[in-house]
Every structure is written in C-alpha cells, then in structure tokens.
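Please read the structure below before turning to the comments.
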Amino acid sequence: MAATRYRRFLKLCEEWPVEETKRQRDLGVFLRQRVAQAFREGENTQIADPETCDRMYESLVRIHTNYYKNKYPRLKDTSFTGLTVEDCKMILATDVLKQMEDMKKGTWKKLREKFYAKKPEEDSK
C-alpha cells in the first residue's frame, strides 16, 4: 500500500507547477522536498500513520485542483487592494521583495554597508 501512496505523491509532484519568480519560497519546491524526505526509501518506505498520509494527500489535491476556488467563486478577480492576481504575483516575486527590502533601509544603514563592509579579499591585502 505504501507503493501506491508513493506513486500518488510522485504524480502530484509532477503536476504541481514550480514558480521561478519565488526562489526558495515556492510551494511546489517545498512539496517535492517533503515528499523526498517522507519517502526516503521510495516504494519500500514504511508509513507510520497511513490515515494522516492520505488526509495530507487529499488536502494537497484539493489545493492543486483549485477545489475551494471553484466551490466558492468570487465575484471579482481582485483583492481588497484592487490589485489583480497578476499584480500580486509580480509583487510577491523574490526580486521585487528584495528591492523593497533595500528601499526600506535608512540612508545611514545604506552608507554604512557601502563604505564599511569589507570583502575578505580586501582584508588579506
């Protein structure tokens, strides 16, 4: 039975998209890592709690198939901010978030990082 569960999780991982804009924060990548951890021995892995495993799988399938999005349709495709899905995806991209973090830094902190941060090569000279 563990082999069947393993194959189902592998199929789900194959279908789950990976968003390149969310480096190190993507749910698809995290899911693949967790499946690899949980099924270290592949089809021969012994599952301690099969019911919990099945519930997790079913929950992930509901997320992947947009079960709740389809069950509870929205009147508009915007949030309370008025942003569209595409706008939100762009804002949540790793590069944009890094730029926003840099913008939050104060002037003194930026100057200190610029002038006082020595690189290891400079110390050896």
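Every number here is computed from the coordinates shown, using simple stated rules; none is lab data. This structure is a prediction, so every number in the text was calculated from the model and none was measured. Virtual Cβ from ideal backbone geometry, glycine too; neighbours counted across all protein chains shown.
Normalising the average separation of contacting C-alpha pairs (under 8 angstrom, six or more residues apart) by the number of residues puts the relative contact order of the range 1-73 at 38 percent. For the chain, averaging the sequence separation of C-alpha pairs within contact (under 8 Å, six or more residues apart) and dividing by the residue count gives a relative contact order of 25 percent. Read through the labelled values [x] 21.8, 65; [y] 13.6, 45; [z] 13.7, 48 and report the label of the one computed as Rg and Dmax of the Cα atoms in Å from the structure. Identified label for the calculated read-out: [x]. Across the range 29-39, computed HN-Hα scalar couplings (Karplus, 6.51 cos²θ - 1.76 cosθ + 1.60, θ = phi - 60°) run 5, 4, 4, 4, 5, 5, 5, 4, 5, 5, 10 Hz from first to last residue, x flagging Gly and Pro. Shown in residue order for the range 72-88 are the 3J(HN,Hα) couplings computed by the Karplus curve 6.51 cos²θ - 1.76 cosθ + 1.60 at θ = phi - 60°: 10, x, 8, 6, 10, 8, 10, 9, 5, 7, x, 7, 7, 4, 5, 4, 5 Hz (x for Gly and Pro). Computed over neighbours whose Cβ is under 14 Å from that of F9, the net charge equals +2, Lys and Arg +1, Asp and Glu -1. Relative to the longest principal axis of the Cα atoms of the chain, the long axis of helix 107-116 lies at roughly 80 degrees.
Ordering F39, V61, L83 by the projection of their Cα atoms onto the charge dipole of the chain, which places +1 on the Cβ of Lys and Arg and -1 on the Cβ of Asp and Glu, puts L83 at the extreme positive end.
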